[in-house]
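Below is one structure, written out as structure tokens; the observations come after it.
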Amino acid sequence: MNVLVTGSSGQLGSEIKEIYKKYSENKTFFFENSNTLDITNSSLVKSFFDKNDIDVVINCAAYTAVDKAESDGKLAYNVNVNGIDNLVSALKDQGKIIHISTDYVFNGANCIPYIESDKVDPIGVYGKTKRKGEEHIITSPKDGTVIRTSWLYSSYGNNFVKTMLRLGKEKESLGVIYDQIGSPTYARDLAMVCLELLDKDFKDKSKVYHYSNEGVLSWYDFAKHIMEIAEIDCKISPIDTKEYPTSAKRPSYSVLNKAQIKKDFNVEIPYWKDSLKECIKKLEN
């Protein structure tokens, strides 16, 4: 089995690259980023697939600058929509793609965790382009699986955890939003799931799943626990979303129901605080 991992320099791609050898029996992995394989170039993608006889794609490539997307919609669309179309089109008929999507496909008006079949209603350019990308997977006759995730963090790249650790050491106090509710996802946990799915039989040709760590909290709660675990003396105060204006509107509630992926693949999902401790320990080491 020849496996292509796109976006290999990002948070999730980097985690997959670090742990893939455990899952590499009878598999050859190709790790590519935007510099080595531009997924928006259809002829380049087709040539790469043909040359390397790609069987499976784990697509971690995405335009993820949520605020910048509001003024850079063309590039966001090119990566998150056209790029996905190119990957699906280049994939052999019996091939498979595992595509990573986002909680931003929902408008955040729910008060109970979103299930996969809930109505999508993205409220910003980023969410809209990610939804369009999903549609290329869902409507394709090829074997595709969409995994929506939320609040991704890792020891790699830029993310909320690393930002809080840095600011906590620089400042005596910070204000963090308390009225946006969701679930963090340690990219390493999601990476293991993606790799485990390579050897799983899929019940449907195209299916959507939700994955995040277990538990529900606000960004304020998340920041408080980051400081506590890292033993940083920085006071965290709750603030309203309106006190921290951004170009793109965020979903106020984006908790994902993970029952389906647990049922279909017997996936065990760690509690968010346990995974956060692991990540911070890794960063400290």
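The values are calculated or read from the model by the stated rules, or taken from the named source; none is laboratory data. These figures come from a predicted structure and were not determined experimentally. Quick reminder, even Gly has a Cβ in these numbers, built from the backbone with ideal geometry, and neighbours come from all protein chains shown. Surface accessibility is based on the protein's heavy atoms, side chains included, excluding ligands, DNA and RNA. Shrake-Rupley method; radii C 1.70, N 1.55, O 1.52, S 1.80 Å.
If Leu12 meets every condition in (1) open to solvent by 30 Å² or more (accessible area, probe 1.4 Å); (2) under 17 Å from Leu87 (Cβ atoms); (3) in a helix (DSSP H, G or I) apart from one, which number is that one?
Result: Leu12 fails condition (1) only.
Would you mind finding the one in Leu197, Leu190 that is part of a helix (DSSP H, G or I), in contact with a Leu (Cβ under 7 Å, 6 or more places away or on another chain), surrounded by 15 or more Cβ atoms within 10 Å (Cβ to Cβ) and not basic (Lys, Arg)? Can you show your working first?
Numbers: Leu197 fails: in contact with a Leu (Cβ under 7 Å, 6 or more places away or on another chain).
Unique residue meeting the criteria: Leu190.
If you go through segment 15-53, how many residues are in a helix (DSSP H, G or I), farther than 17 Å from Asn82 by Cβ, among the β-branched types (Val, Ile, Thr) and out of contact with any Cys (no Cβ under 8 Å at 6 or more places or on another chain)?
Matching residues across segment 15-53 total 1.
From the list Lys51, Lys92, Lys46, Lys27, pick out the single residue that is of a type outside the set (Phe, Trp, Tyr), surrounded by fewer than 22 Cβ atoms within 10 Å (Cβ to Cβ) and within 26 Å of Arg188 (Cβ to Cβ). Quick ask: steps written out before the conclusion?
Details: Lys51 fails: within 26 Å of Arg188 (Cβ to Cβ); Lys92 fails: within 26 Å of Arg188 (Cβ to Cβ); Lys46 fails: within 26 Å of Arg188 (Cβ to Cβ).
Every option except Lys27 fails the conditions.
On the given criteria, is Lys207 in a strand (DSSP E or B), open to solvent by 30 Å² or more (accessible area, probe 1.4 Å) and closer than 30 Å to Lys21 by Cα?
Yes; evaluated as a whole, the condition is true for this residue.
Evaluate segment 97-104: report whether one residue or more is modelled with pLDDT of 95 or more and assigned to a helix (DSSP H, G or I).
Looking through segment 97-104, at least one residue is modelled with pLDDT of 95 or more and assigned to a helix (DSSP H, G or I).
Scan segment 267-281 and report the pairs whose first residue is among the small types (Gly, Ala, Ser) and whose second residue is open to solvent by less than 10 Å² (accessible area, probe 1.4 Å) and not in a helix (DSSP H, G or I), with Cβ atoms within less than 8 Å and a gap of 6+ or a chain change.
Ser275/Pro184; Ser275/Tyr186; Ser275/Asn213
Each row is one residue, and each column tells you yes or no for (1) open to solvent by less than 70 Å² (accessible area, probe 1.4 Å); (2) basic (Lys, Arg); (3) more than 30 Å from Lys96 (Cα to Cα).
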site: Ser212; (1), (2), (3): yes, no, no
site: Ala230; (1), (2), (3): yes, no, yes
site: Asp233; (1), (2), (3): no, no, yes
site: Lys242; (1), (2), (3): no, yes, yes
site: Pro251; (1), (2), (3): yes, no, yes
site: Ser275; (1), (2), (3): yes, no, no
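Can you tell which of Lys130, Lys162, Lys142 is of a type outside the set (A, V, I, L, M) and either over 30 Å from Ala259 (Cβ atoms) or open to solvent by 40 Å² or more (accessible area, probe 1.4 Å) (or both)? Even if it seems obvious, please write down each step before you answer.
Details: Lys130 fails: either over 30 Å from Ala259 (Cβ atoms) or open to solvent by 40 Å² or more (accessible area, probe 1.4 Å) (or both); Lys142 fails: either over 30 Å from Ala259 (Cβ atoms) or open to solvent by 40 Å² or more (accessible area, probe 1.4 Å) (or both).
Of Lys130, Lys162, Lys142, the one residue that is of a type outside the set (A, V, I, L, M) and either over 30 Å from Ala259 (Cβ atoms) or open to solvent by 40 Å² or more (accessible area, probe 1.4 Å) (or both) is Lys162.
Consider Ser173 carefully, then state whether it is crowded, with 21+ Cβ neighbours inside 10 Å and of a type in the set (S, T, N, Q).
Numbers: crowded, with 21+ Cβ neighbours inside 10 Å: no; of a type in the set (S, T, N, Q): yes.
Considered against the rule, which asks whether it is crowded, with 21+ Cβ neighbours inside 10 Å and of a type in the set (S, T, N, Q), Ser173 comes out as no.
What residue, among those in segment 253-273 that are among the polar types (S, T, N, Q) and touching an Asp or Glu at 6+ places or on another chain (Cβ under 7 Å), is most open to solvent (accessible area, probe 1.4 Å)? Steps first, answer last, please.
Restricting attention to segment 253-273, the residues satisfying the condition of being among the polar types (S, T, N, Q) are 254, 257, 260, 266.
If we keep only those that are touching an Asp or Glu at 6+ places or on another chain (Cβ under 7 Å) as well, we get 254, 260.
Working: Ser254: 4, Gln260: 57 Å².
Checked segment 253-273; the qualifying residue most open to solvent (accessible area, probe 1.4 Å) is Gln260.
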